[in-house]
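Working notes, structure below.
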Amino acid sequence: MGKKSWFIIGFNAIALAIIDQFSKWLAGVYLTYPVSVTDWFTLRYGENTGIAWSIPIPSAILLPLNIVLFVIIIALAGKHLDMRRRESRIFLTLIVGGALGNIVDRFARGYVVDFISVGSWPVFNLADMFLSIGIFLTVLFYAKIKRV
């Protein structure tokens, strides 16, 4: 895959991270109290100082761990996925965009802003959605997008 494709992935991932950051800013400004959209869907501001589902990890370890995982994901994608395939590039863009959105939070705030609550699922944000969807689709379509 050429430099142009990596540039497009990076550009689009940064755009996703900006959208994520904007949504978190909106949540911080406007969600002073929870807003129930339906019985099972609520917008609720939260600050996650741990990792996924608020699992506690000391903050001195968390940011470096996030950055190391970020680099590993990109390296593994470049090695194992056929980046000539459009799907590979889209899935990697989602993963990188989500990771960047949450890394920016950890670096700037020391925690990740969460604000979407669905049922009894832990509160999450757009970056978490981007990451989850990108990882899920990569696993689901791995046989089609793996490097041969």
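The values are calculated or read from the model by the stated rules, or taken from the named source; none is laboratory data. Values in this document were obtained by computation on a predicted structure and should not be read as measured data. So basically every Cβ, Gly included, is an ideal-geometry build from the backbone, and we count neighbours across all protein chains shown. The area values use the complete protein model at the heavy-atom level, side chains included, leaving out ligands, DNA and RNA. Shrake-Rupley method; radii C 1.70, N 1.55, O 1.52, S 1.80 Å.
Could you tell me whether the stretch 11-22 includes any residue that is surrounded by 11 or more Cβ atoms within 10 Å (Cβ to Cβ) and more than 30 Å from ARG84 (Cα to Cα)?
yes
Give the residues of the stretch 112-126 that are crowded, with 17+ Cβ neighbours inside 10 Å, outside any helix (DSSP H, G or I) and touching a helix residue (DSSP H, G or I) at 6+ places or on another chain (Cβ under 7 Å), sorted by residue number.
Matches in the stretch 112-126: VAL112, VAL113, PHE115, ASN125.
Just checking, does the stretch 61-79 include any residue being of a type in the set (A, V, I, L, M), part of a loop (DSSP other than H, G, I, E, B), farther than 29 Å from PRO34 by Cα and over 14 Å from the mean Cα position of the chain (by Cα)?
Within the stretch 61-79, not a single residue is of a type in the set (A, V, I, L, M), part of a loop (DSSP other than H, G, I, E, B), farther than 29 Å from PRO34 by Cα and over 14 Å from the mean Cα position of the chain (by Cα).
Out of the stretch 97-148, which residues are within 18 Å of VAL37 (Cβ to Cβ), of a type in the set (S, T, N, Q) and touching a residue at least 12 places away in the same chain (Cβ under 8 Å)?
If the condition is that a residue be within 18 Å of VAL37 (Cβ to Cβ), of a type in the set (S, T, N, Q) and touching a residue at least 12 places away in the same chain (Cβ under 8 Å), then SER117, ASN125 are the ones that fit.
Looking at ARG84, ARG109, which is the one that is closer than 20 Å to PHE7 by Cβ, open to solvent by 50 Å² or more (accessible area, probe 1.4 Å) and not aliphatic (A, V, I, L, M)?
Only one candidate qualifies: ARG84.
Of all residues in the stretch 45-56 being open to solvent by less than 90 Å² (accessible area, probe 1.4 Å) and part of a strand (DSSP E or B), which is modelled with the highest pLDDT?
TYR45
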